[in-house]
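The values are calculated or read from the model by the stated rules, or taken from the named source; none is laboratory data. Note that the structure is predicted; figures quoted are calculated from it, not measured. Quick reminder, even Gly has a Cβ in these numbers, built from the backbone with ideal geometry, and neighbours come from all protein chains shown. When the accessible area is computed, the model is the full protein with side chains, heavy atoms only, and any ligands, DNA or RNA have been set aside. Shrake-Rupley method; radii C 1.70, N 1.55, O 1.52, S 1.80 Å.
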Amino acid sequence: MSEEKEVVSEALKAEEKLRSKWYVLSLEGDLKPLEEFDFTGHEKLKKFADYEVKKSRIVDQEPPHVSLMRSLELVDYEPASDPGNMRYYPKGRLIKALLEEYVTGMVLDYGGMDVETPIMYDMAHPTLAKYLNRFPARQYTIESDDDKYFLRFAACFGQFLMSHDATISYRNLPMRIYELTRYSFRREQRGELAGLRRLRAFTMPDVHALCRDLAQAKREFRRRFKLSRDVLRGIGFSSDDYELGIRVTEDFYRRNRRFIRSLVRMHGKPALVEMWRERFFYFILKWEFNFVDALDKASALSTDQIDVENGERYGITYMDEDGQLKNPLILHCSPSGAIERDIYALLEKAYMEMKEGKPPMLPLWLAPTQVRLIPVSEGHVEAAERVARRLSRSRIRADVDDRDETVPKKIRDAEKEWIPYIIVLGEREVGAEKIPVRARADGEIRKMSIRELVAEIRRQVRGKPYRPLPLPMRVQRRPKFVG
RNA sequence: GCCCCGGUAGCUCAGAGGCCAGAGCGGCAGCCUUGUAAGCUGUUGAUCGCGGGUUCGAAUCCCGCCCGGGGCUCCA
């Protein structure tokens, strides 16, 4: 790892003198200066705006998701690595893998072509050197013999270089290329790192779309806006959970008002707009869905941009109808945002619900254990295991607490793990058609058959990827990774 | 990167210059044979983040480093 003076990109320097004007764009299409907007009924948007504009960051606390990610044995710091590079325990890896598979599936349905590209690039490569200067990020650098490389901070490099070498016709556009980057690296400043909210190595689904012209780019942009919304919904977020931020140059806004309003209408809530007099970056329009956490901090999840520079910079061309080689516009989208950040948001959301008196939960399709079987005593362990195996055959993650503990203790531990369904199995249940199932969501115990339970769970996880139990079925066989 | 706060057993924390560093949880062993959020007893467990210094004496004071949190700044 190089310890030479930090390479600060021109974009980062430009950003320092960047002046923005802030507005709120309403559903009706009114663009109001921030201070004139009435935030009644839009409290989260207010928090987002305060965070972005007033830079009000008065909190002096560890974000709540940090203790959760550890106590649930999902993710942890890895002191032997660089800060912001995490370790994932089996349950955390399961959740992350399911999210990765889900987002990837959604992007493939949208038409993304899945590719894989290197994670490190030559710093001396002329095109890349120029691009580095247009992207507001800090890199990790690696020396190998006399050569110097940087670790990618997004999938752009690989996909653009690939596109440069491809023969592309206007008939191929929009051309959608996708990679789930594991990892993207950004050497964020030490104090910027926070739990899963901001990392130095993160997993980002990154889908680009090469577009013929602005009209096509705008159509595609809207599709991807919907894709992102659907992806977040599938993960477990409704539009109540995030705020739309739009960054745009004055010029582009003036010429494309109706288009920008249409984004706000799709979102269904007013949006914060940051307007730049000049274009500092490679894009003319960008939006993000921003999650506002338990400490009123905002961070971007999904995002998309219209890039007007890199088609030319990378020498990406397509043959147009008129026989002319032209540079495409490029859209840069992460439909879910970083996977780690999705987990952060899920945990923060659960924490906020807990504060409201609701039981904190993860979406059922992400719960590491979906059904916990609790044998009343040793003699019921085998019966419990039979039920668990039956559920597993129906692609439900079920396990058995075979420890020599009392029933109340095992219930308590299952609740502390946020397990959605708990079944106590004793004399009364062995061989019975209907057995009592305790549901975490409402705390009720309902009698149902296994078949009914299977149907109820499968209905809730329909369309979502599945992975088997990430740990041994018997709880006693499991190591304790934390505490 | 800079500034502020913190790091004591696997986990959560007490101890703030003076005898062998404590508790709860966990782990292990035994008892109990358990019925919807903690059964009982015993036992194990600590280079006090790391390295240097001050002192008769350092977990405690000083310096450097590492890790975490917060801020500046920034973003997925």
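Observations on the model:
- Loop sites in segment A:59-92: trypsin sites (Lys or Arg not before Pro), DSSP, at most 14 other Cβ within 10 Å: none
- Shape class for segment A:63-219, computed from the alpha carbon gyration tensor (a ≥ b ≥ c): oblate, with a/c not under 1.5 and a/b at or below b/c.
- Take every Cα pair under 8 Å whose residues are at least 6 apart in sequence, average their separation, divide by the length of segment A:11-354, and the relative contact order is 23 percent.
- Classified by the C-alpha gyration tensor, segment A:147-264 has an oblate form. Its axis ratio a/c, with a ≥ b ≥ c, is 1.5 or above, and a/b does not exceed b/c.
- Between the beta carbons of A:ASP404 and A:GLU101, assuming R0 = 51 Å, the FRET efficiency works out to 0.85 to the nearest 0.05.
- Surface share of carbon and sulfur [accessible, 1.4 angstrom probe, percent] for chain A: 46
- Two-site FRET efficiency, A:ARG412 against A:ALA441, from Cβ-Cβ distance with R₀ of 22 Å, rounded to 0.05: 0.80
- FRET E, pair A:GLU28, A:ASP320, Förster distance 45 Å, beta-carbon r, rounded to 0.05: 0.70
- Farthest toward positive dipole pole in chain A [+1 Lys/Arg, -1 Asp/Glu at C-beta], among A:HIS42, A:CYS211, A:LEU108: A:HIS42
- Were the residues from A:ARG277 through A:TYR77 laid out at 0.36 nm apart, the gain over their Cα-Cα distance would be 67.9 nm.
- With each label modelled as a point 7 angstrom along the Cα→C-beta vector, the A:LYS226-A:ASP146 pair spans 5.6 nm.
- Under a model in which nothing but the beta-carbon of Lys, Arg (+1) and Asp, Glu (-1) is charged, segment A:11-354 shows a dipole of about 820 debye around its Cα centre.
- Per-residue ellipticity at 222 nm from helix content only, as computed over chain A with -39500 (n - 2.57) for each DSSP H run of at least four residues, stands at -9500 deg cm²/dmol.
- Point-charge dipole on Cβ atoms (K/R +1, D/E -1) for segment A:294-347, about Cα centre, debye to 20: 260
- Computed lengthening from A:ARG265 to A:ALA455, 0.36 nm per intervening residue step minus Cα-Cα distance: 64.8 nm
- Span-like helix criteria (full DSSP H runs; alpha carbon extent of at least 27 Å along the helix axis; mean Kyte-Doolittle hydropathy of at least -0.5) are satisfied in chain A by A:90-110.
- Taking a ≥ b ≥ c as the square roots of the Cα gyration tensor eigenvalues, segment A:364-477 comes out rounded, since a/c falls below 1.5.
- Alpha-carbon centroids, segment A:68-119 and segment A:221-250: separation in whole Å: 21
- Listed peptides A:380-388, A:122-130 appear in the order A:380-388, A:122-130 once ranked by packing, highest mean of other Cβ atoms within 10 Å at the front.
- With the whole protein complex present, A:ARG138 retains an accessible surface near 40 Å², based on a 1.4 Å probe.
- Centre separation in Å (Cα based) which lies between segment A:128-167 and segment A:412-483: 47
- Percent of Cα pairs in chain A per distance bin of 20 Å, from zero to the largest separation: 22, 50, 24, 4.
- Of the trypsin sites (Lys or Arg not before Pro) in segment A:400-483, the ones in a loop by DSSP (not H, G, I, E or B) with at most 11 other beta carbons within 10 Å are A:ARG428, A:ARG462, A:LYS480.
- Exposure of A:GLU309 as accessible area (Å², to 10), given a probe of 1.4 Å and all protein chains: 30
- Per residue, the accessible area of segment A:364-477 comes to 52 Å², computed with a 1.4 Å probe over protein heavy atoms only.
- Solvent-accessible area per residue, Å², over segment A:189-329 with all protein chains present [probe radius 1.4 Å]: 36
- 28 Å Cα-Cα reach of A:LYS148 towards lysines, excluding residues that sit fewer than 8 places from it in its own chain: A:LYS5, A:LYS13, A:LYS130
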